[in-house]
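Take a look at the structure set out below.
The values are calculated or read from the model by the stated rules, or taken from the named source; none is laboratory data. All of these numbers come straight from a predicted model, not from anything done at the bench. Cβ coordinates were reconstructed from backbone atoms using ideal geometry, including for glycine residues, and neighbour counts include every protein chain displayed.
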Amino acid sequence: MAASYDCQSCGACCATYDVLLMGTDLDRFEADPSLLALTTPYEKLAGAQARFMRREAATGRCVALHGPLHACACSIYGDRPILCRELEVGSPHCLAAREAFGLPL
Ligand code: SF4
Ligand code: SF4
């Protein structure tokens with residue numbers, strides 16, 4: 001059985017991974033300037049444009065993550081990108097992020 005953790009007592013994955021907007025994310029974010037402001041463009045080959053969630057330069061945290069890592073919350077939870085929804089608690093990506101922050105596995 002996969003491990004179970006309280007994400008609001010963690011936040012490690014939100015301070016670890018680049019989050020690419022995918023599929024319907026782009027439509028949703030481009031329709032709302034306050035969401036779009038949390039992203040950064042990334043020029044791919046042939047000039048096609050993609051967007052990532054913006055990360056703080058100093059900490060690597062997603063700019064939508066509010067509060068310290070042990071008491072945090074996604075400030076756009078209802079609108080969060082598909083990749084964020086798909087990262088499962090207890091998955092290899094979850095465990096790797098927790099381990100990198102020295103959190104118990
Ligand atoms: S690393 Fe795992 S426990 Fe921590 S916030 Fe992400 S999904 Fe939740
Ligand atoms: S959008 Fe929310 S869930 Fe996704 S990385 Fe940023 S803070 Fe975490």
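Key figures for this structure:
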item	result
Complete set of residues in segment 96-105 that are in contact with a Leu (Cβ under 9 Å, 6 or more places away or on another chain) and surrounded by fewer than 18 Cβ atoms within 10 Å (Cβ to Cβ)	Glu99, Phe101, Leu103, Leu105
Some residue of segment 60-81 being away from ligand 2 (no atom under 14 Å from the Cβ) and modelled with pLDDT under 95	yes
Residue pairs meeting the criteria (Cβ under 7 Å; at least 6 apart or on separate chains; first within 14 Å of Cys62 (Cβ to Cβ), in segment 75-97; second surrounded by 14 or more Cβ atoms within 10 Å (Cβ to Cβ) and of a type in the set (Lys, Arg))	Asp79/Arg28
